[in-house]
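Everything on this sheet refers to the single structure shown next.
Here, each number is a calculation from the coordinates, and none is a lab measurement. Small disclaimer: the values here were computed from a predicted structure and weren't measured. Neighbour counts run over all protein chains shown; Cβ positions are idealised from the backbone, glycine included.
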Amino acid sequence: MDADVSESAGPPDDSDESAAGGTGPRSGNGSDAPPATGDASGTTPTPRDASGTTPAPGDGPGATPPSGATPLSAAGHRHHWLRWTALGASFVVLVAAGVGWWLYKKLDGNIRTDTSAAAELKAYERERPVSVVHDAENILLIGSDSRAGDNRKYGRDDGGSQRSDTTILLHLAADRKSATAMSLPRDLMTWIPVCHKSDGTTTKKQFAQFNWAFEFGGTACTIRTVEKMTGIRIDHHMVVDFNGFKDMVDAVDGVEVCLKKPVDDADAHLKLPSGRQTLDGEQALGYVRARKSIGNGSDTERMDRQQQFLGALVNKVQSDGVLLNPTRLYPVLDAATKALTTDPGLDSLKDLYELVRGMRNVPTDKVQFLTVPRQPYAANRNRDELVQPDANRLFKRLRQDDPVAVVPADRLKHDDEKNNGKNNAETDTTDASGPTPTPTYSGNNAAADLCKQ
């Protein structure tokens, strides 16, 4: 073993003692002193070895080491200590690596893969639009409206059916210097293509409200509906459930909002005073889902509120050191990965990390939120329809990775009045003497302080 005394360098104990004149053999006169060995003159001769050579000073078993030299026993002790230090450090590194690997596998295992949607989309590949700009990415974010399981308390469970309560098309610019999140109203009237249902039957092509696509054919049907509406190729998708959203908000210690009026909504499980305040996960979920108790009760206003909250969440994550602090980042990753169901291209922690790494340097004022141009549907004022040609202009800019700008609705309305009711988004004209102006839409960015608007 490492502590074996045979490794201790140095002479035996009895050699030390005899060299010091201690307990060696006595002389014949009984005295402890050694017998005289001098010559007739009384001078002690210089000892020689067997070869007749005079030993150098410091040689021999009892000699004192030269100045600055380390005794062999001290060197052995230091070597022994260094061994244990290296062994301990190696053990710590192995434990840390093991814990890191375990955490990675845990987070990686949280993510669910939607293989059925991938198979469905592959079957309709010939009908899908092609990507126009290399390295730009379009990700469809879908908020699940299922009332099954833990989500039952948020509404009636109608046999396990679900609709997309929230749908956002996230466009990441190829240079990763901006990100645009475009909301699609759940009540928007649009063409839904032929889709395969979970029971094996097939739906017919029909003109219906947008969120029915998710109920008819799940994620794949929703993606194909968006692609046919916009002409934008969807590269990836993520489905987020209610409880995962709550946990993400709690993981960043809440998100700050500002309410102009107090809220008391029993259906949304929400009761809040007016003013600036920080919402926990449960309150945040009620806040983004409430419809009738905040503002005018429209789905349009609810979408605006969802966009503002997501902007505040992005700002909290980027500005509060979450991304640079492992102890704070892990709970966020754990909550986020548990909440996600993704396509096979984003179903690993490595894939998600690459996506986030590409976005982490996007300035918060370049993370923009807007809603597709829409207006009340002529045949039913409780539904929406696209405003054309504004909507197609927006789709084209996102498809070609061209910039768009957003401003708060009040400011846009003021600018419209100054321009006789026509804003940049509506005119979008090209001046031969200069570049094409960037169209402006009603919306917000993640850097905006909602209490100051």
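Taking residue 350 as the anchor, which lysines have their alpha carbon closer than 20 Å to its alpha carbon, excluding any fewer than eight residues away along the same chain?
105, 106, 338
Cβ neighbours within 10 Å, averaged per peptide: list 219-226, 327-334 in order, most packed at the top.
Packing order, densest peptide first, comes out as 219-226, 327-334.
With the crude spin-label approximation of a point 7 Å out along Cα→Cβ, what separation in nm comes out for residue 447 versus residue 177?
1.4 nm
I want the local charge near residue 249. Using Cβ-Cβ distances under 12 Å, sum +1 for each Lys or Arg and -1 for each Asp or Glu among the other residues.
Once all neighbours under 12 Å are counted, the net charge is -4.
When the chain is fully extended, how far beyond the present Cα-Cα distance does residue 106 get from residue 365, taking 0.36 nm per residue of separation?
89.9 nm
For the pair residue 353 and residue 83, what calculated FRET efficiency results from E = 1/(1 + (r/R0)^6), where r is the Cβ-Cβ distance and R0 = 41 Å, to the nearest 0.05?
0.60
Suppose the chain between residue 207 and residue 292 were pulled fully straight at 0.36 nm per residue; how much longer would it get relative to their current alpha carbon spacing?
Separation in residues times 0.36 nm, less the Cα-Cα distance, equals 27.9 nm.
Would you please give the FRET efficiency between residue 271 and residue 125, computed as 1/(1 + (r/R0)^6) with r the Cβ-Cβ distance and R0 = 35 Å, to the nearest 0.05?
Computed FRET efficiency for residue 271 and residue 125: 0.10.
Would you work out if the range 219-341 is rounded, prolate or oblate? Take a ≥ b ≥ c from the square roots of the eigenvalues of the alpha-carbon gyration tensor; rounded if a/c is under 1.5, else prolate when a/b is larger than b/c, oblate otherwise.
oblate
Using mean Cβ contacts within 10 Å as the protection proxy, how do 105-117, 260-272 order, highest first?
Answer by packing, highest mean first, reads 105-117, 260-272.
Quote to one decimal, in nm, the extra length available between residue 323 and residue 438 on full extension: 0.36 nm per residue of separation minus the C-alpha distance between them.
Contour length minus the Cα-Cα distance gives 38.2 nm.
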